[in-house]
Amino acid sequence: MQCGLGYGEARFAAMGRLFEEALDIVRRLLAGETVSSSRRFHVAEASLAPRPAEPVEVWIGASAPPAIDRAARLAEGWIASPGLTPAEARAQADLHRECCAAYGRQPTAIALRRDIYVAQSSSEVQAVLQQAVSRGYRGIPAEALVAGSVDEVAEQFRSLEELGYTDILVRHFSNDQPKVLGSLQRLAAVRAALA
């Protein structure tokens, strides 16, 4: 289960302790408990059926140091923001591991979302990448985007692994459906190259 507070001071201020309380209730329900609570959320004798067959891991998305600490304290996994440059990605992964160590926890996942495009050729990737960057793609710096041939994308993913990331969550930065479908097909070859 992936979750987080969202982005921006207004969301952080509005959610605060509510997030932790809600997460506790959801985890207890998923574990099969009958839950009652009279804190901010009022729940009486709630239960969940059918329950998941296996325990549900929680991955919390976080980028601010206090939020990274919260993810280390509460979650099995952490998800880093997609706009991190390689230097920022390294620093945040290191911080997360330090926070986990302070809580005596070993994360099952240190994940990073990357917006990607797996191209057929170098000329194709440059055209698609230039189109995205020229529009100021979601405020994400160009160096945080992953683009290239199957081999180039596999190498970029390997470099993220060297920074300490165990999982890469992807979203395509092209909105052109035939290009996205082609990129998805080539992404399977990237996965095979990494296996």
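The values are calculated or read from the model by the stated rules, or taken from the named source; none is laboratory data. Since the model is a prediction, treat every value here as computed from it, not as a measurement. Every residue, glycine as well, gets a Cβ built from its backbone with ideal geometry; the counts of neighbours run over all protein chains shown.
In this structure, does Pro82 turn out to be under 30 Å from Gly139 (Cα atoms), of a type outside the set (A, V, I, L, M), touching a His at 6+ places or on another chain (Cβ under 8 Å) and assigned to a loop (DSSP other than H, G, I, E, B)? Give the derivation first.
Details: under 30 Å from Gly139 (Cα atoms): yes; of a type outside the set (A, V, I, L, M): yes; touching a His at 6+ places or on another chain (Cβ under 8 Å): no; assigned to a loop (DSSP other than H, G, I, E, B): yes.
No.
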Exclusive hit being surrounded by 12 or more Cβ atoms within 10 Å (Cβ to Cβ), in contact (Cβ under 8 Å) with a residue 40 or more places away in the chain and touching a Pro at 6+ places or on another chain (Cβ under 6 Å), set Arg90, Arg113, Arg138: Arg113
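Is it fair to say Val190 is of a type in the set (Val, Ile, Thr), assigned to a helix (DSSP H, G or I), in contact (Cβ under 8 Å) with a residue 40 or more places away in the chain and closer than 30 Å to Val56 by Cβ? Lay out the reasoning, then the answer.
On the way: of a type in the set (Val, Ile, Thr): yes; assigned to a helix (DSSP H, G or I): yes; in contact (Cβ under 8 Å) with a residue 40 or more places away in the chain: yes; closer than 30 Å to Val56 by Cβ: yes.
So Val190 passes the test.
Would you mind stating whether Tyr117 is assigned to a loop (DSSP other than H, G, I, E, B), at pLDDT 95 or above and not polar (S, T, N, Q)? Walk me through it before giving the result.
Numbers: assigned to a loop (DSSP other than H, G, I, E, B): no; at pLDDT 95 or above: yes; not polar (S, T, N, Q): yes.
For Tyr117, the condition - assigned to a loop (DSSP other than H, G, I, E, B), at pLDDT 95 or above and not polar (S, T, N, Q) - is not met.
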Test for Glu57: is it touching a Ser or Thr at 6+ places or on another chain (Cβ under 8 Å), assigned to a loop (DSSP other than H, G, I, E, B), within 24 Å of Val170 (Cα to Cα) and in contact (Cβ under 8 Å) with a residue 12 or more places away in the chain: yes
Selected residue (only one of Ala46, Ala127 is surrounded by fewer than 19 Cβ atoms within 10 Å (Cβ to Cβ) and within 21 Å of Met1 (Cα to Cα)): Ala46
The lone exception for Ser174 - which of (1) more than 30 Å from Val56 (Cα to Cα); (2) touching a residue at least 12 places away in the same chain (Cβ under 8 Å); (3) assigned to a helix (DSSP H, G or I) it fails: (3)
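In this structure, is Val170 surrounded by 18 or more Cβ atoms within 10 Å (Cβ to Cβ), modelled with pLDDT of 95 or more and over 16 Å from Leu84 (Cα atoms)? Full working, then the answer.
Numbers: surrounded by 18 or more Cβ atoms within 10 Å (Cβ to Cβ): yes; modelled with pLDDT of 95 or more: yes; over 16 Å from Leu84 (Cα atoms): no.
When the stated conditions are applied, Val170 does not pass them.
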